[in-house]
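Since the structure comes first, as structure tokens, the remarks are kept for the end.
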Amino acid sequence: MAYTSTYKAAIAAAPAIEEHFIKLLATALAQGGEDLAPEPSARVIEAIIDVAFWASLRREEGRSPKVSLTYLPPILAGQPLVFEEKILLTPHVLTKLAPAVERSGIHLGIWDQDGELYVWGTTRSIPDCSFVLETIEPGLLVIKHRRIKGFGKFINVAVLKGDEVKIIDEHSKSLPDCPAMLTSLLDYNSPTGWNDSVNVLVQLAASMRLHGHGGTLLVVPDGGDAWRDSIVHPITYPITPAFDELKTLMSQVVNEHTMNLWQDEVNRSVDSVAGLTAVDGATIINDQLELLAFGAKIGMSSNGRPVEETLVTEPVVGSMAATIHPSQMGGTRHLSAAQFVFDQRDAIALVSSQDGRFTIFSWSPCENIVHAHFVDSLLL
């Protein structure tokens, strides 16, 4: 390919991303996958990242471009919108086309010919394992792909922000005490589908992060009331009876004719529950996805003691675990979530910060400590 990159992070990240897609497609083929996306070479990956990065720093009518790119030929794109003439991929072209594809689920199709990359049109349908690059904000790019089974949130492969490169460490899912929710975010071969409660927690986390207000979601065991000992009473907004719309949707039998309508209903329900986390205090659901309360204040258990340390990790290649006081992670939201999990060890807490950081708190029986998993790089 004749294109020469000038964005150094693209050059640094491309080989690791190429290796990920080689392994991904080999796994999919071994499982009998058909009509899979093409394998992007390091040179193609490097060039797409470079063009997208420089485009993200431009402005069109006062706005920074937000665009999703996918690498595949039109023949693999389902029902694509194909331009009469393909257009050479440049930062200028991406900036001009971005307003047409800002809405979620629309991708600009990219393919190579005679050593050059071209934009051939747009698509809403992409095959399993498709290479996707999204520009989130100026200088912030995420490389991701569809799961092997095509369900659930896309799997993030790498996050590039300026000169910082984060390659997602998929081996983190094999560590002891890894929460099921984190495994779902990391495992492209996960069998979870849309009707899996763990996958719904992932959708809730992504929706919490998007509303931008920050918030806390506590997930407690169904059928127990021990969690109430760690909540200040009276609860500001208790729900009686428990709101079970998400639970009901998960129990429905869905076929190919009703799938799209059902997914829309799930998305609306997820957004409505996630929206409650913007209210001051914690939102509480059980592991059957029933809403129990929101605006709840977390307090120390009657027979508890203050949490003094938290194990902090991030599923990124090269990151190191650290043990710190939970107050060092942020404000009272993080400290109260760590305290809740310290007292209620069969619960998890999801905490979204206003700046986009996202943390999963869970109890680690192996390390006998509250474990804080920084996962914002997985939710972008």
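The values are calculated or read from the model by the stated rules, or taken from the named source; none is laboratory data. For clarity, every value in this text was computed on a predicted model and none was experimentally measured. Positions of Cβ are generated from backbone atoms using ideal geometry, with glycine treated the same way; all protein chains shown enter the neighbour counts. Surface areas here come from the heavy atoms of the whole protein model, side chains and all, with no ligands, DNA or RNA. Shrake-Rupley method; radii C 1.70, N 1.55, O 1.52, S 1.80 Å.
Would you point out the residue of segment 1-49, among those that are open to solvent by 70 Å² or more (accessible area, probe 1.4 Å) and of a type in the set (D, E, K, R), that is nearest to G115 (Cα to Cα)?
R43
Can you pull out every residue in segment 155-174 that is surrounded by fewer than 17 Cβ atoms within 10 Å (Cβ to Cβ) and free of Cβ contacts under 8 Å to residues at least 24 places away in the same chain?
Result: H171, S174.
Return yes when W120 is at pLDDT 95 or above, more than 18 Å from I143 (Cβ to Cβ) and touching a strand residue (DSSP E or B) at 6+ places or on another chain (Cβ under 8 Å) and no when it is not.
Yes; evaluated as a whole, the condition is true for this residue.
Just one of T236, T323, T310 is under 30 Å from A16 (Cβ atoms), in contact (Cβ under 8 Å) with a residue 12 or more places away in the chain and open to solvent by 50 Å² or more (accessible area, probe 1.4 Å); which is it?
T323
Touching a Pro at 6+ places or on another chain (Cβ under 6 Å) and open to solvent by 30 Å² or more (accessible area, probe 1.4 Å): does that describe W120?
No.
For segment 264-277, check the following and say yes or no: at least one residue is open to solvent by less than 10 Å² (accessible area, probe 1.4 Å) and hydroxyl-bearing (S, T, Y).
Checked against the condition, which is being open to solvent by less than 10 Å² (accessible area, probe 1.4 Å) and hydroxyl-bearing (S, T, Y), segment 264-277 yields at least one hit.
Of everything in segment 82-115 that's in a loop (DSSP other than H, G, I, E, B) and within 13 Å of I126 (Cα to Cα), which residue is modelled with the lowest pLDDT?
So, considering only residues that are in a loop (DSSP other than H, G, I, E, B) and within 13 Å of I126 (Cα to Cα), the one modelled with the lowest pLDDT is G105.
For segment 112-127, which positions are farther than 12 Å from F83 by Cβ and either small (G, A, S) or over 26 Å from the mean Cα position of the chain (by Cα) (or both)?
Scanning segment 112-127 gives D112, Q113, D114, G115, E116, L117, S125.
To keep it simple, each residue is scored yes or no on (1) modelled with pLDDT under 95; (2) open to solvent by less than 10 Å² (accessible area, probe 1.4 Å); (3) more than 18 Å from A180 (Cβ to Cβ).
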{"position": "F340", "(1), (2), (3)": "no, yes, yes"}
{"position": "Q344", "(1), (2), (3)": "no, no, no"}
{"position": "A347", "(1), (2), (3)": "no, yes, no"}
{"position": "V351", "(1), (2), (3)": "no, yes, no"}
{"position": "Q354", "(1), (2), (3)": "yes, no, yes"}
{"position": "R357", "(1), (2), (3)": "yes, no, yes"}
{"position": "W363", "(1), (2), (3)": "no, no, no"}
{"position": "F374", "(1), (2), (3)": "yes, no, no"}
{"position": "L378", "(1), (2), (3)": "yes, yes, no"}
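Looking only at segment 257-292, count how many residues are touching a Ser or Thr at 6+ places or on another chain (Cβ under 6 Å), within 26 Å of S125 (Cβ to Cβ) and either in a loop (DSSP other than H, G, I, E, B) or outside the structural domain of P365 (by the TED database) (or both).
Residues in segment 257-292 being touching a Ser or Thr at 6+ places or on another chain (Cβ under 6 Å), within 26 Å of S125 (Cβ to Cβ) and either in a loop (DSSP other than H, G, I, E, B) or outside the structural domain of P365 (by the TED database) (or both): 0 in total.
Look through segment 188-220, keep the residues that are assigned to a loop (DSSP other than H, G, I, E, B) and open to solvent by 40 Å² or more (accessible area, probe 1.4 Å), and return whichever of them is modelled with the highest pLDDT.
Result: H213.
So D229 passes all but one of these: (1) farther than 16 Å from V202 by Cα; (2) open to solvent by 70 Å² or more (accessible area, probe 1.4 Å); (3) charged (D, E, K, R). Which condition number does it fail?
Going through (1) farther than 16 Å from V202 by Cα; (2) open to solvent by 70 Å² or more (accessible area, probe 1.4 Å); (3) charged (D, E, K, R) one by one, D229 breaks only (2).
Any idea which of G295, G304, G330 is open to solvent by 10 Å² or more (accessible area, probe 1.4 Å), touching a Ser or Thr at 6+ places or on another chain (Cβ under 8 Å) and within 23 Å of P234 (Cα to Cα)?
Just a single option satisfies the conditions, and that option is G304.
If T248 satisfies all but one of (1) assigned to a helix (DSSP H, G or I); (2) at pLDDT below 90; (3) over 17 Å from the mean Cα position of the chain (by Cα); (4) not acidic (D, E), what's the number of the condition it fails?
(2)
Can you run down the residue pairs with Cβ atoms below 8 Å, 6 or more apart or on separate chains, where the first is in segment 254-266 and within 21 Å of K153 (Cβ to Cβ) and the partner is exposed (fewer than 14 other Cβ atoms within 10 Å of the Cβ) and of a type outside the set (D, E, K, R)?
Filtered contacts from segment 254-266: W262/Q252.
Looking at I143, I87 in this structure, which one is touching a residue at least 60 places away in the same chain (Cβ under 8 Å), of a type outside the set (S, T, N, Q) and either more than 30 Å from Q31 (Cβ to Cβ) or surrounded by 15 or more Cβ atoms within 10 Å (Cβ to Cβ) (or both)?
I143
Residue check: is A52 surrounded by 15 or more Cβ atoms within 10 Å (Cβ to Cβ), free of Cβ contacts under 8 Å to residues at least 60 places away in the same chain, closer than 21 Å to I126 by Cβ and within 24 Å of the chain's Cα centre (by Cα)?
No, not satisfied.
Consider Q79 against the criteria (1) open to solvent by 40 Å² or more (accessible area, probe 1.4 Å); (2) closer than 28 Å to E137 by Cβ; (3) not in a helix (DSSP H, G or I): it satisfies all of them except one. Which criterion is unmet?
Q79 satisfies every listed condition except (2).
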